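A.B. asks: Please read through the structure below; I'll follow up with questions.
Coordinate-derived values only; no laboratory data. Keep in mind that this is a model prediction, so the values were computed, not measured. Backbone-built Cβ (ideal geometry, glycine too); neighbour counts: all protein chains shown.
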């Protein structure tokens, strides 16, 4: 379904989601670095795990961007959407970009040996669900109605 480009309605996202992940990870890493709490040196297994998470996260992120490029609609969560994307990774997750950010965050946190940053991923996911995704879902329901409600019933929020 396509909607007119002139609509001013949008999800109402005030703070860019990538910054939520970045600033929380940075705060966790700095807190661990300055206090020594939950800091660890990753061994070979954790290095491989971190690299794997980073590779999967990057691949998922770029795969998530393709439908936006193909359909010529904005990937920015604070802008109006002209199309409901349900192909590519959106067949498996309603939020594959956010899932990719969580994988990247976790991979970087493992690589840096930051246990605090890893623990802080839990509140980041909560914040994303409560203050970003719920707003996006309400907007998409207003915009695409029954089509979006059907999509919600078929596809999970994260993975």
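A.B. asks: When only Cα pairs under 8 Å and 6 or more residues apart are kept, what is the percent relative contact order across the chain?
C.D. replies: 40
A.B. asks: Build a GNM of the chain with springs between Cα atoms under 10 Å: which of 80, 45, 55 gets the top mean-square fluctuation?
C.D. replies: Sorting by GNM fluctuation, first place goes to 45.
A.B. asks: Taking only DSSP H segments of four or more residues, each worth -39500 (n - 2.57), what value at 222 nm results for the chain once the sum is divided by all its residues, to the nearest 500 deg cm²/dmol?
C.D. replies: -20500 deg cm²/dmol
A.B. asks: Counting only C-alpha contacts under 8 Å and six or more residues apart, can you give the relative contact order of segment 13-90 as a whole percent? Present the calculation step by step, with values, prior to reporting the outcome.
C.D. replies: Values: 28 pairs, mean separation 21.2, N = 78.
Value for segment 13-90: 27 percent.
A.B. asks: Just to be sure I understand, if you calculate Rg and Dmax of the Cα atoms in Å for this structure, which of (1) 18.2, 56; (2) 18.6, 74; (3) 17.2, 53 do you get?
C.D. replies: Label (3) holds the value from this structure.
A.B. asks: Per-residue counts of other Cβ atoms within 10 Å, averaged by peptide: what ranking do you get for 140-149, 81-90, highest first?
C.D. replies: Ranking the peptides 140-149, 81-90 by packing returns 81-90, 140-149.
A.B. asks: Listing 48, 118 from the residue with the fewest other Cβ atoms within 10 Å to the one with the most, what is the order?
C.D. replies: Fewest-to-most ranking of 48, 118: 48, 118.
A.B. asks: Ordered by packing density, taken as the mean number of other Cβ atoms within 10 Å over each peptide's residues, highest first, how do 61-73, 21-33, 100-112 rank?
C.D. replies: So the peptides 61-73, 21-33, 100-112, ranked by packing, come out 100-112, 21-33, 61-73.
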